[in-house]
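See below for the structure under consideration.
Derivation of every value follows stated rules applied to the coordinates shown; laboratory data play no part. Note that the coordinates shown come from a computational prediction; the quantities given were computed from them, not determined experimentally. Here Cβ is always computed from backbone atoms with ideal geometry, including for glycine, and neighbour counts include all displayed protein chains.
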Amino acid sequence: MREKVKLLKTNVEKVFVGAPQVTEALLVGVLAGGHILIEDVPGVGKTVLARSLAQSIAAKFSRIQFTPDLLPTDILGVSILDQTCGKFVFKPGPIFANVILADEINRATPRTQSALLEAMNELSVSADGQTYALPSPFIIIATQNPFEFEGTFHLPEGQLDRFMLRLRVGYPDAAQEKEILSHGKLYHQADEIAAVLEPQDILSMQEEVKAVKVDASIADYIVAVAEATRRSDAVELGVSPRGSLMLLRASQGRAYVEGRDYVTPDDVKRMAVPVLAHRVILKGGIAGTRADVAGRAVESIILTVPVPA
């Protein structure tokens, strides 16, 4: 399966110029079975990254533009009266897809954002007393601009906690930006690339990621990191057990992407910031503090935890 990981990464990077570390982190999250929040300024390719992933795995793609007037039924679906049988029939919403781009997710009201909680956690949607299973694989890639506050709403802590990773794309370096200029457009269109994998390939790789070995010392290390966030003088509220589990899964995902069948302490350290930074509440702040601020706090905490031999 290692060759399939390389193939998928190469295909996405045909469209997404620069930031190979972001592409790799995205694949880690996807193969670990998590959802991803991409937080950065407009124009750095957040949308194209999500679309290129869906195109590369021949998955059903759905883009939901989050706005203040968006209702939960606009996402989940609604029951309508079927005149032929005289009964209400559920019409699935755009959430019924393999890859969901929740664009500018923080522009929707908390009521609408909370409509995603069941889908993200249970992989199902409940409506009118019925529960409907979502397709597999099911991946939500959400975007938000951390520097724009007018017309936005703070993501509920429960929803932030359901994102496995929070990533930043960042600006391209000079060579990468020159390459963008040479093409005369910011990014290639995702539909310019062909699918290289099937959704079933992703499901198979997700099962293999679950089988990546985690030594007892690594599990102890993850627990120690989580406990350190709860004891830190800089943190008001540390990560929950869900955060520890997400760090474990992400570490397995990174090991798999690196071509190993076992997790190392370096995997845990590399994934700690994207997994944990959005789960802590810093003193004098709020949950989901800007990625750079919370990230530095988590990095400092990691340095205080002894690394297993």
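What to note about this one:
- Relative contact order %, the chain, counting alpha carbon pairs below 8 Å whose residues are six or more apart: 22
- Within segment 83-162, GluC sites (Glu not before Pro) in DSSP loop having at most 10 other beta-carbon neighbours inside 10 Å: GLU150
- Whole-number percent relative contact order across segment 194-309, with pairs defined as alpha carbons under 8 Å at least 6 apart: 29
- In this structure the amide hydrogen of LEU167, modeled in the peptide plane, comes within under 5 Å of the amide hydrogens of LEU37, ILE38, GLU39, none closer than 5 places in sequence on its chain.
- Value of relative contact order over segment 85-181, rounded to a whole percent, pairs C-alpha under 8 Å and six or more apart: 35
- With Cα atoms defining each centre, segment 91-130 and segment 245-264 are spaced 28 Å apart in the structure.
- Karplus-based coupling profile of segment 59-67, in residue order and whole Hz: 9, 6, 10, 9, 10, 10, 8, 7, 9, with θ = phi - 60° in 6.51 cos²θ - 1.76 cosθ + 1.60 and x standing for Gly or Pro.
- Sorted peptide list for 242-250, 131-139, criterion being average Cβ within 10 angstrom, highest first: 242-250, 131-139
- Between VAL235 and LYS283, the built amide H atoms are under 5 Å apart, and every one of these is 5 or more places off in sequence or on another chain.
- Net charge contributed by nearby residues that have their C-beta within less than 11 Å of VAL28 (K/R +1, D/E -1): +1
- Restraint check, LYS46/LYS283; LYS14/LYS178; LYS9/LYS46, Cα-Cα greater than 18 Å: LYS46/LYS283
- Relative to the Cα centre, the charge distribution of the chain, modelled as +1 at Lys and Arg Cβ and -1 at Asp and Glu Cβ, gives a dipole magnitude of about 160 debye.
- What the phi angles of segment 211-216 give under the Karplus curve with 6.51, -1.76 and 1.60, with θ = phi - 60°, is a coupling list of 8, 4, 5, 10, 5, 4 Hz, glycine and proline written as x.
- Fluctuation leader among ASP261, ASP233, ASP82 - the chain, Gaussian network, Cα springs under 10 angstrom: ASP82
- Of all DSSP beta bridges in the chain, antiparallel share, percent nearest 5: 45
- For VAL280, the residues whose modelled amide H falls within less than 5 Å of its own, excluding neighbours fewer than 5 places apart on the same chain, are GLY288.
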